[in-house]
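Peer 1: Below: one structure in structure tokens.
The values are calculated or read from the model by the stated rules, or taken from the named source; none is laboratory data. Every value quoted in this text rests on a predicted model; they were computed, and no experiment measured them. Here the Cβ positions follow ideal geometry from the backbone for every residue, glycine too, while neighbour counts run over all protein chains shown. SASA here: full protein model, heavy atoms, side chains in, ligands and nucleic acids out. Shrake-Rupley method; radii C 1.70, N 1.55, O 1.52, S 1.80 Å.
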Amino acid sequence: MDAEKSSSSSFEDLSNLNEQERAELASSVPEATLSTVTAQEQTQQQRPDDEVSDKEVTKAEAPESEPEYMDILGNGTLLKKVLTKGRSENRPESKDIVVITYSGRLDDGTVVEEESNFVVQIDDVEVVQGLDMALKLMNEGEVAEVIVHARFAYGELGIKEPAETAPVKNSVPPNATITYTVELVSIKEEGDVEARSYASRKEIGNKKRLRGNFWMKRQEYNLAIQSYRRSLEYLDDTVSAGGMMESGAGSVELSPTELQDLLEDRMKVYNNLALAQLKISAYEAALKSVDHVLKCQPTNAKALYRKGKVLDAKGDTKGAITLLQKAATLDVDDKLIQSELSKLILKSKREARNEKDLYQKMLGQAQKLEQKTKATPVTQNTESSK
């Protein structure tokens, strides 16, 4: 009991003072101290549990903390912080079409990207990967800050000269971290591709083709393949044998010029897709892609050249030479085809020479073995006669 009283004696003694003792205490204790004691006494009377009051006081005194960053990947390479909450809980899903306004800056404050009301399709890598992933974690109307490590931005290459098809305004140094401020303006579903008009499908398909070219130049072959495949969803299988295309307004007959333009666009995509697949050693897929081109355009020199490269990679040097000779005849000014053809011819001669040497070596070993076999019975007969 004495121990308990000593631990809270200041509260208990003050609570038991009568009016006279209070007056005497007031004359010896400064006014500020007495007011503090009185406040503590009132608090003690209202809250008998000391621990609860201590926690609440601590909570009241704690300053309001700023919103924390969400570590999206768990390794610090992609961080997101909400600056302004969204007007709804609606979030975009894969293939949804969103409108964003954003800017990206380097650590020194240099703005390298800036777009207003920019249309992006989720998961189609039409912006850097890190920003594409972060958009799926934003609510409609939200403004957020997204810090993207170089691995999910422009990597070790950076950007020396911004392309016309990219939203980058200034060069980006290698291994640069970019901080984006992005507003998710609106979200809508992709809808049926078939319901779109010819002009809309052509525009979107070519936009994705150009984005694939952007990734190809950066040697991001898997991202290029992804963009090319999405492009073909808008450009391929859009026209029937009679030149009719299904759209939201029903069947529409395309003019010969429109049909030719659409064919040219598809051939560009398939040709580039074959190259990207060749770069990652997906030879069978590359053959299918290039055969799409040669089926419609048997004299397409670029397609013949790339099919020859695929055959060479698969070990068919003779077949590759035949295709490259045809391509060189069709495009006599293409030095790349001429150079590759010369290399293949030398390679073929070297393989023939190695094959001949191997055959002679095998033949020589066979002759030695035959001579040895013939000499063995003579030795045995000599020994037996002895």
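Peer 1: Ignoring ligands, DNA and RNA, what accessible area per residue does region 129-233 give at 1.4 Å, in Å²?
Peer 2: That works out to 47 Å² for each residue.
Peer 1: Once you list every other residue whose beta carbon is under 10 Å from the beta carbon of Asp334, what net charge do they have if Lys and Arg are +1 and Asp and Glu are -1?
Peer 2: -1
Peer 1: With a sphere of radius 12 Å drawn around the Cβ of Arg105, what net charge do the other residues whose Cβ falls strictly inside it have (Lys, Arg +1; Asp, Glu -1)?
Peer 2: -4
Peer 1: Heads up, I need the accessible area for Tyr283: 1.4 angstrom probe, whole protein in place, Å², nearest 10.
Peer 2: Counting only protein heavy atoms, Tyr283 exposes about 70 Å² to solvent.
Peer 1: Under 15 Å from the Cβ of Asn175, count the other residues' Cβ atoms, weight Lys and Arg +1, Asp and Glu -1, and hand me the total.
Peer 2: Combined, the nearby Lys, Arg, Asp and Glu give 0.
Peer 1: In square angstrom, what is the accessible area per residue of region 262-372 with a 1.4 angstrom probe?
Peer 2: 61
Peer 1: Can you tell me the order of 208-217, 303-312 when each peptide is scored by its average per-residue count of other Cβ atoms within 10 angstrom, highest first?
Peer 2: In descending order of packing, they fall as 303-312, 208-217.
Peer 1: Check Ile280: other-chain or 5+ apart residues with amide H under 5 Å from its amide H, H built from backbone geometry?
Peer 2: none
Peer 1: Which links in Lys279/Lys326; Lys309/Lys361; Lys169/Lys309; Lys160/Lys343; Lys188/Lys279; Lys268/Lys318 stretch past 30 Å when you go from one Cα to the other?
Peer 2: Those over the limit are Lys309/Lys361; Lys169/Lys309; Lys160/Lys343; Lys188/Lys279.
Peer 1: With a 1.4 Å probe and every protein chain kept in, tell me what percent of the accessible surface of region 70-207 is carbon plus sulfur.
Peer 2: 47
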